[in-house]
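As structure tokens, the structure follows; a few thoughts come after it.
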Amino acid sequence: MTMKALILVGGYGTRLRPLTLSVPKPLVEFCNKPILLHQVEALVKAGVDHVILAVSYMSDLLEREMRIQEQRLGIKISLSHETEPLGTAGPLALAKELLGGDDDEPFFVLNSDVICDFPFTDLLAFHSRHGNEGTIVVTRVEEPSKYGVVIFETDSGRIQRFVEKPQTFVSNKINAGMYIFNTHILKRIQLRPTSIEKEIFPVMAEEGQLYAMELQGFWMDIGQPKDFLTGMCMYLQSLRQHAPDKLRTGPGFLGNVLVDPTAQIGQNCTIGPNVTVGAGVVVEDGVRIKRCTVLKAARIRSHSWLESCIVGWSSCVGQWVRMENVTVLGEDVIVNDELYLNGANVLPHKSISDSVPEPRIIM
């Protein structure tokens, strides 16, 4: 039996600009591994051997990378191309042939922006136990009024209804963007722009065919820079619990720090807590970095101070620079010496020669 999974990677990644101007969002490294690979590797662990990517944008880059991963992981990866945006359900109809609709075998579906300790093995077991058409993973949130919440029977998991952005408290469980369905669901979906959350799920719930499984551990939608950094902190904390040997320790490293073995770090630096340093990065002497991601081949010159930033691939931050407040440098950005960047969003291939005292986009 082949196990299949469909990952929805159709968006333009506009929320994660300027990084997505250089690389499709699923290939942006999150904690030194492309976002998509976190998901694909977890699916493979759960027994999936055919992954289908529902794509629309920059798909040639994705295709190249996926051919490499196909070989490495020993699985099949197919691309299903949207020519028009099909929402969150339409891509299932588009990939119907690939998903194979006759055997009613279960398949996974996930949004490409979520990071967590992916519970695919547990999800499959839970789904098999109740034997109905669909299961969605739900996660607990602090402020349910910002989301659509899910109301379900706590003992069985059977979903009763969904409430969009509730103004009074009804539940603090939200859809975590990970599902498992029997292929029977494909009969419900037409090939047109359709929202699975608004058009398909409520009907399934009404028929008693949709169940909820609660996620243990952390969860984050990392589709925008501030959440990307929050998700990084959560992921590093999870590494601390499950694989502490992957984290860098020793003098000058505070809290959870992930450093690629090919990165070079100078004398008298203080790195951490919550920092990820990518391949080939050079950090010169006396640098202070906290709560940042520094992507492949970037350089941070001596005595700079960075907090809550994402430094894009091959960018160079000058000496005595201070950057903070979710400053994001796109690919190949140069920040001259002794500047202050506060919440700057800098597009690729720019050179910055003036401070940016207030958050803004630098075109």
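Counting only heavy atoms of the protein chains and using a 1.4 Å probe, TRP305 has close to 60 Å² of accessible surface. Summed over qualifying helices (DSSP H, 4 residues or more, each -39500 (n - 2.57)) and divided by its residue number, the chain shows a 222 nm mean residue ellipticity of -5500 deg cm²/dmol.
Of the residues MET232, MET220, ranked by 1.4 Å probe accessible area with the largest first, the sequence reads MET220, MET232.
Evaluate the relative contact order of the chain (contact order divided by residue number), counting alpha-carbon pairs under 8 angstrom at least 6 apart; express in whole percent. Don't skip to the end; give the middle numbers.
On the way: 894 pairs, mean separation 47.2, N = 363.
Answer for the chain is 13 percent.
Amide H contacts for HIS50 (H built 1.01 Å from N in the peptide plane; partners 5 or more residues away or on another chain; cut-off under 5 Å): MET3, ALA5, LYS76. Ranking of ASP104, ASP155 by solvent-accessible surface, largest first: ASP155, ASP104 (1.4 Å probe, protein heavy atoms only, all chains present).
Assign one of three labels to region 1-42, namely rounded, prolate or oblate, based on the Cα gyration tensor with a ≥ b ≥ c the square roots of its eigenvalues; rounded applies when a/c is under 1.5, prolate when it is not and a/b is larger than b/c, and oblate otherwise. If you can, show how the numbers build up before the last one.
Working: a/c = 3.87, a/b = 1.76, b/c = 2.20.
Oblate.
With the other protein chains left in place, how much accessible area per residue, in square angstrom, belongs to region 1-120 at a 1.4 angstrom probe? All intermediate terms of the calculation are to be shown ahead of the outcome.
Working: 4680 Å² over 120 residues.
With the other protein chains kept in place, region 1-120 gives 39 Å² per residue.
Going by alpha carbons, how many degrees (0 to 90, nearest 10) lie between the helix axis of 35-45 and the longest principal axis of the chain? The helix 35-45 is inclined about 50 degrees to the chain. Per the Kirkwood formula applied to alpha carbons, region 176-243 shows a radius of gyration over Rh ratio, Rg over Rh, of 1.11. Which residue fluctuates the most in the chain, going by a Gaussian network model with Cα springs under 10 Å, if the choices are PHE169, PHE118, PHE253? Taking springs between Cα atoms under 10 Å, the residue moving most is PHE169.
With the cut-off at 1.5 for a/c, could you classify region 262-303 from its C-alpha gyration tensor as rounded, prolate or oblate?
Oblate.
In this structure, the amide hydrogen of VAL23, modeled 1.01 Å from its nitrogen in the peptide plane, lies closer than 5 angstrom to no residue at least 5 positions away or on a different chain.
So which GluC sites (Glu not before Pro) in region 276-341 are both in a DSSP loop and have at most 14 other Cβ atoms within 10 Å of their Cβ? Numbers along the way, then the final one.
Values: sites: GLU284, GLU307, GLU324, GLU331, GLU338; in loops: GLU284, GLU331, GLU338.
Filter output for region 276-341: GLU338.
Treating r as the C-beta distance of ARG140 and LYS165 and R0 as 25 Å, the FRET efficiency rounds to 0.90. Principal-axis analysis of the Cα atoms of the chain puts helix 59-73 at an angle of about 80° to the longest axis. Top mean-square fluctuation among LEU229, LEU53, LEU86, Gaussian network model of the chain, C-alpha springs under 10 Å? Per the Cα network of the chain with a 10 Å cutoff, LEU86 tops the list.
Is region 52-101 rounded, prolate or oblate when judged by the Cα gyration tensor, a ≥ b ≥ c being the square roots of its eigenvalues, rounded requiring a/c under 1.5 and prolate requiring a/b larger than b/c? Here region 52-101 falls in the oblate category. When the charge dipole of the chain is built from unit charges on Cβ atoms (+1 for Lys and Arg, -1 for Asp and Glu) and taken about the Cα centre, the candidate among HIS130, ILE271, SER22 whose Cα reaches farthest toward its positive end is ILE271.
Quick one: putting +1 on the C-beta of Lys and Arg, -1 on the C-beta of Asp and Glu, what dipole do you get for the chain around its Cα centre, in Debye to the nearest 20?
On the way: 35 positive and 42 negative charges, 110 e Å.
My answer is approximately 520 debye.
Note on the chain: with a GNM built from Cα contacts shorter than 10 Å, the maximum mean-square fluctuation among ILE180, ILE222, ILE68 falls on ILE68. Taking the longest Cα principal axis of the chain as reference, the axis of helix 225-242 is set at about 80 degrees. Reducing region 242-276 and region 155-232 to their Cα centroids gives an inter-centroid distance of 36 Å.
In order along region 282-290, the phi-based Karplus estimate (6.51 cos²θ - 1.76 cosθ + 1.60, θ = phi - 60°) of 3J(HN,Hα) comes to 10, 10, 7, 5, x, 8, 10, 10, 9 Hz; Gly and Pro are listed as x. What the phi angles of region 345-355 give under the Karplus curve with 6.51, -1.76 and 1.60, with θ = phi - 60°, is a coupling list of 10, 10, 5, x, 6, 9, 10, 9, 10, 10, 5 Hz, glycine and proline written as x.
The values are calculated or read from the model by the stated rules, or taken from the named source; none is laboratory data. Just so we're clear, the structure is a prediction, and the values are computed from it rather than from any experiment. Neighbour counts are summed over all protein chains in view; Cβ atoms, including those assigned to glycine, are modelled from backbone coordinates with ideal geometry. Heavy atoms of the whole protein, side chains included, go into the accessibility calculation; ligands, DNA and RNA do not. Shrake-Rupley method; radii C 1.70, N 1.55, O 1.52, S 1.80 Å.
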